[in-house]
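Student: Below is a structure I'd like to ask you about.
Derivation of every value follows stated rules applied to the coordinates shown; laboratory data play no part. Remember, it's a predicted structure, so these values are computed and weren't measured experimentally. As a convention, Cβ positions derive from the backbone with ideal geometry for all residues, glycine included, and neighbour counts pool all protein chains shown.
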Amino acid sequence: MNDFSYTQITAAREAAGLLKSKPATVYIAGGTTLLDMMKANLLTPPHLLDVNQLPFKGIKKTADGLRIGAMERMSDVGEHPLVVQQYPAVSKSLLLAASPQLRNMASIGGNILQRTRCGYFRDAAFPCNKRVPGSGCPAIQGDNHNLAVLGTSESCIATAYPGDLSVALMALDAVLTLENTAGKQRRVPLTEFYLLPGKTPQKETILEPGELIVAVTIPAAAHARRSTYLKVRERTSYAYALASAAVGLDVQNGVIRSARVALGGVGAQPWRSREAEALLTGASATEATFRKAAAAALRAAIPQSENAYKIELAQHTLVRALQEVAG
Ligand SMILES: Cc1cc2nc3c(=O)[nH]c(=O)nc-3n(C[C@H](O)[C@H](O)[C@H](O)COP(=O)(O)OP(=O)(O)OC[C@H]3O[C@@H](n4cnc5c(N)ncnc54)[C@H](O)[C@@H]3O)c2cc1C
Ligand code: SF4
């Protein structure tokens, strides 16, 4: 590992000077993504700014819904009674992720900004357009069994966000609060936060340099209370999703009043399916409806040499998740 210096900050404004004098400075929260990448020499920041003392804490009800501070730990949020009862999809997405040790260290902000598990991105011996723009994408002709089938481009086919939480947050219309180093805040729906790879896969989110995630707010809704997260993986613990589905339904007298659907493990970003939601809304909550919605969600999929199985897997996962919440 390269040498680096380290400072703790207690307010976003304290980062301004350091980012100016050392522009390659990066933030560290739990370190469970960042330190892995530094040990593999994929990132060599000269300076780390520890954001754990920032006052971005708390899990509380507000007029807009449930506000969760970005410095809260995955385990605390996943087990919080308000999250378990009012947003079961969010609780499950957190408790099915990683291991207990990782969940105790990892923060909500860091989870949202975790990086792809594409093997070529994680190995500095290989070219990779996301890591070194213009160097090529060996995954297209190579090992792509765990990569994306929706939203990919000729430059990159990775699931840029491989995790679970953002899939549930995306389905439930979560909004991020961001703060820049001048102390100015803005709110951005998570559906607008991640960028598709296009020709610039190195640019993954709309975050400006130095900008921090302060909190995530999830609106209260009937479909949020009746939601779930289903994850299919190669083994039952400690593995990323091959496919996952976050769904929320408001069903009255057998008719779906509102529906929310997002998929994980199959998209270049957590994949909200408006097509599936349109088919579900106003329809009867039956298996036939769910199958049509699942087909619509994957209609635009473009498989690679090794990941066509994900199309059927994601459809089954989505149907099962819808059946679970419909009862
Ligand atoms: C073995 C293993 C298995 C895993 N399995 C899963 C899984 O199944 N599902 C899953 O969802 N995840 C999984 N993860 C990923 C894990 O959830 C993330 O590593 C973790 O959530 C990152 O949080 P952190 O606080 O440690 O982030 P850090 O490593 O500290 O930071 C990650 C990135 O976010 C930036 N950052 C952190 N906080 C902020 C902020 N508030 N504002 C702006 N930038 C910020 C950092 O600069 C860095 O670029 C796994 C990780 C490992 C190592
Ligand atoms: S899929 Fe994306 S992350 Fe993986 S090698 Fe290609 S460019 Fe890099």
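Student: Mind ordering 25-36, 116-127 by average Cβ neighbours within 10 Å, highest first?
Tutor: On the way: 25-36: 19.0, 116-127: 17.5.
The most tightly packed comes first, giving 25-36, 116-127.
Student: Using +1 at the C-beta of Lys and Arg and -1 at the C-beta of Asp and Glu, which of LEU318, ALA148, ALA259 has the Cα lying farthest in the positive direction of the dipole of the chain?
Tutor: Result: ALA259.
Student: Give me the Kirkwood hydrodynamic radius of region 195-249, using the inverse of the mean 1/r over all pairs of distinct Cα atoms, in Å to one decimal.
Tutor: On the way: mean 1/r = 0.0670 Å⁻¹.
So the Kirkwood estimate lands at 14.9 Å.
Student: At a Förster distance of 30 Å, what's the computed FRET efficiency of GLN8 paired with VAL132, Cβ-Cβ distance as r, to 0.05? Don't skip to the end; give the middle numbers.
Tutor: Working: r = 31 Å, r/R0 = 1.05.
The value I calculate is 0.45.
Student: Now a separate question. Over region 65-120, what is the relative contact order in whole percent, taking alpha-carbon pairs under 8 Å and six or more residues apart?
Tutor: Values: 51 pairs, mean separation 23.1, N = 56.
Once normalised by length, the contact order is 41 percent.
Student: Something else now. With an 8 Å Cα cut-off and a minimum separation of 6 or more residues, compute the relative contact order for the chain in percent. Walk me through the intermediate numbers first.
Tutor: Numbers: 763 pairs, mean separation 56.6, N = 327.
For the chain, the relative contact order is 17 percent.
Student: Treating only the Cβ of Lys, Arg, Asp and Glu as charged (+1, +1, -1, -1), what charge dipole size does region 142-237 show about its Cα centre? Round to the nearest 20 debye.
Tutor: Working: 10 positive and 10 negative charges, 68 e Å.
In debye, rounded to 20, region 142-237 gives about 320.
Student: Relative to the longest principal Cα axis of the chain, at what angle does helix 287-298 sit, 0 to 90 degrees, rounded to 10?
Tutor: 30 degrees
Student: As an exercise, take the mean of 1/r over every pair of distinct alpha carbons in the chain, invert it, and state the Kirkwood radius in angstroms. Mind dumping the intermediate values first?
Tutor: On the way: mean 1/r = 0.0496 Å⁻¹.
Computed over the chain, the radius equals 20.1 Å.
Student: A follow-up question, please. How big is region 1-85 on each of its three principal axes, counting only the C-alpha atoms and giving the largest first in Å?
Tutor: 45, 29, 17
Student: Can you tell me the length gained on complete extension of the stretch ARG225 to GLU79, counting 0.36 nm per residue apart and subtracting the Cα distance? Show your work: numbers first, answer last.
Tutor: Details: separation 146, 0.36 × 146 = 52.56 nm, distance 1.54 nm.
Result for the pair: 51.0 nm of gain on full extension.
Student: Ok, one more. Could you tell me which residue out of SER244, ALA125, VAL216 lies farthest along the dipole of the chain toward its positive end? Charges go on the beta carbon: Lys and Arg +1, Asp and Glu -1, centred on the Cα centre.
Tutor: My answer, from the dipole projection, is VAL216.
Student: Additional query: Using square roots of five times the C-alpha gyration tensor eigenvalues, list the equivalent-ellipsoid semi-axes of region 68-188 in whole Å, biggest first.
Tutor: Numbers: eigenvalues 176, 64, 38 Å².
So the equivalent ellipsoid measures 30, 18, 14 Å along its semi-axes.
Student: In the chain, how many lysine pairs have Cα atoms under 14 Å apart, counting only pairs 8 or more places apart or on different chains? Don't skip to the end; give the middle numbers.
Tutor: Values: LYS92/LYS231; LYS130/LYS199; LYS130/LYS203; LYS231/LYS310.
Taking the Cα cut-off of 14 Å, the pair count is 4.
Student: Summarise the long-distance tail of P(r) for region 183-317 by giving the % of C-alpha pairs beyond 20 Å. Don't jump to the answer; show the numbers that get you there.
Tutor: Values: 4958 of 9045 pairs.
Percent of Cα pairs beyond 20 Å in region 183-317: 55.
Student: Here's another thing I want to ask about it. Which value, in debye to the nearest 20, describes the size of the charge dipole of region 1-103 about its Cα centre when Lys and Arg Cβ atoms bear +1, Asp and Glu Cβ atoms bear -1, and nothing else is charged? If you can, show how the numbers build up before the last one.
Tutor: Numbers: 11 positive and 8 negative charges, 43 e Å.
So the dipole magnitude of region 1-103 works out to roughly 200 debye.
Student: Which one, ALA262, ALA148, ALA63, has the greatest fluctuation when you compute a Gaussian network model over the chain with C-alpha springs under 10 angstrom?
Tutor: Maximum among the listed residues: ALA63.
Student: Mind putting a number on the dipole of the chain about its Cα centre? Charges go on the C-beta only, +1 for Lys and Arg and -1 for Asp and Glu, and I need it in Debye to the nearest 20.
Tutor: Working: 35 positive and 26 negative charges, 72 e Å.
Taking the Cα centre of the chain as origin, the dipole is about 340 debye.
Student: Could you estimate the translational diffusion coefficient of region 117-243 from the Stokes-Einstein equation, with Rh from the Kirkwood formula over C-alpha pairs, at 25 °C and 0.890 mPa s, in whole µm²/s?
Tutor: Details: Rh = 16.5 Å.
Estimated diffusion coefficient is 148 µm²/s.
Student: For the chain, modelled as a Gaussian network with Cα springs under 10 Å, which listed residue fluctuates most, HIS80, HIS316, HIS47?
Tutor: Maximum among the listed residues: HIS80.
Student: When averaged across all projection directions, what area in nm² does the alpha-carbon convex hull of region 1-160 cover?
Tutor: Details: hull surface 46.3 nm².
Approximately 11.6 nm², given one-decimal rounding.
Student: Could you work out the relative contact order of region 144-255, using alpha carbon pairs under 8 angstrom and six or more residues apart, expressed as a whole percent?
Tutor: Details: 164 pairs, mean separation 29.5, N = 112.
26 percent.
Student: Let me ask something additional. Most fluctuating residue of ILE112, ILE256, ILE218 in a GNM of the chain with Cα springs under 10 Å: which is it?
Tutor: Sorting by GNM fluctuation, first place goes to ILE256.
Student: Right, next: Suppose the chain between ALA24 and ARG299 were pulled fully straight at 0.36 nm per residue; how much longer would it get relative to their current alpha carbon spacing?
Tutor: Details: separation 275, 0.36 × 275 = 99.00 nm, distance 4.08 nm.
Extra length from ALA24 to ARG299 when fully extended: 94.9 nm.
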